[in-house]
Amino acid sequence: MAKNIVIANWKMNPDKSSIAQKLFQDITKKAAKYKKIEVVIAPPYIFLPAAFKKNKAASLGAQDAFWGETGSSTGEISSRMLKNIGVSHVIVGHSERRAIGESNELIAKKLRGVLKEDMAPILCIGERERDGGAKYLSFLTDQLTTAFFGISKKDVLQTIIAYEPIWAIGKSAQEAMDAHKLYEMTIFIQKVLTSLYGREVASKARIIYGGSVEESNAENLLKNGNISGFLVGRGSLDAQSFDEILSVVEKGKK
């Protein structure tokens, strides 16, 4: 059975290499004591190379990747480039990327690019708001079916699905999604996967949560939300807070 996983998404933080190195060192030092979970740190691109030498405590993640391998694509970074510097996980389809215009189709191409290099995509899905008629369920279904169109069962199981309801991001733990609603959503995601790949694949797929995760709500979400870990944003910029989340996931290993 795959390990539970916690992914640190630093987004566009910090603004100095020295601070990034210190944070990376502090997190990996704390992460080294956990043996039952997988830890991934996804800093900005410029902090990925020499500053973050390989270590056994955490894997390297990237926050995005271009779908092409090489060529005339100014400003882009390919999955192959990332793999060549030790990256093993790549976030695709984050809500902040979708907000600046990335379509389901573009995200599907990026997903395939990551899989082609034998890395693990972290596919982010999530609704912007909830409507009374539950149209958001169709929205989520479209995100999943487009991303996985033509993808093999093996590659689906290599993909980590990060459910991040956009309306919950940035809110306090009290205002964000509760464990009962999260459980309903993970069951729905598994239902969509069952329709695409069958029950066995759906039951093995790793689904994590990424909407305002803090040490105060992590335990309840993990125990009662039917998830395999977290995609942590703001909480990953403080080593102590992130360590408390890691501790919860380590204790709650299924």
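Residue-level analysis places Ile122 among those that are within 14 Å of the chain's Cα centre (by Cα), at pLDDT 95 or above and more than 13 Å from Ile189 (Cα to Cα).
All of (1) surrounded by fewer than 20 Cβ atoms within 10 Å (Cβ to Cβ); (2) outside any helix (DSSP H, G or I) hold for Ile46 with one exception: (2).
For region 200-219, a tally of residues being free of Cβ contacts under 8 Å to residues at least 60 places away in the same chain, closer than 18 Å to Asp155 by Cβ and among the charged types (D, E, K, R) returns 1.
Within region 195-237, being of a type in the set (Ser, Thr, Tyr), modelled with pLDDT of 95 or more and in a loop (DSSP other than H, G, I, E, B) holds for one residue alone: Ser228.
The requirement of being more than 18 Å from Asp26 (Cβ to Cβ), buried (at least 18 other Cβ atoms within 10 Å of the Cβ) and in contact with a strand residue (DSSP E or B) (Cβ under 8 Å, 6 or more places away or on another chain) is not satisfied by Tyr197. Among the residues of region 93-100, none qualifies, meaning not one is modelled with pLDDT of 95 or more and touching a Ser or Thr at 6+ places or on another chain (Cβ under 6 Å). Taken over region 235-254, the criterion of being closer than 20 Å to Gly170 by Cβ and without any contact (Cβ under 8 Å) to a residue 60 or more places away in the chain is satisfied by Gly235, Asp238, Ser241, Glu244.
The values are calculated or read from the model by the stated rules, or taken from the named source; none is laboratory data. Being a predicted model, the structure only gives us computed values, none of them experimental. Reconstructed Cβ throughout: ideal geometry from the backbone, glycine too, with neighbour counts over all protein chains shown.
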